[in-house]
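K.L.:
Once you've had a glance at the structure underneath, I'll fire off some questions.
Bear in mind these aren't lab numbers, they're just calculated from the coordinates by the rules spelled out. As the structure is a computational prediction, the values presented were derived from the model and not from experiment. In this analysis, Cβ positions are derived from the backbone assuming ideal geometry, glycine residues included, and neighbour counts consider all displayed protein chains.
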Amino acid sequence: MKLINCIPEMKDTGENCCPHCKSEHVEKNGKSSGKQRYICKDCGATFNDYTNTLLSMTHFPEKW
């Protein structure tokens, strides 16, 4: 199984928190390139399931 398929499953616990301010006040904010985006209601930062992971800045996540 590829790592790119595991990360959303691991984070799909319903307990998303902002990787910037650690707030739990986050909401879904559309999709970008097929990845679910979130927005923090406290600090206004946007992020996805891959933020702060090995795959966050790679151009070829399907190769992992």
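K.L.:
Could you rank the peptides 22-29, 46-53, 33-40 by their average count of other C-beta atoms within 10 Å per residue, with the highest value first?
P.N.:
46-53, 33-40, 22-29
K.L.:
With label points built 7 Å along Cα→Cβ from the Cα atoms of K35 and H20, find their separation and express it in nm.
P.N.:
Going from the K35 label point to the H20 one covers 1.6 nm.
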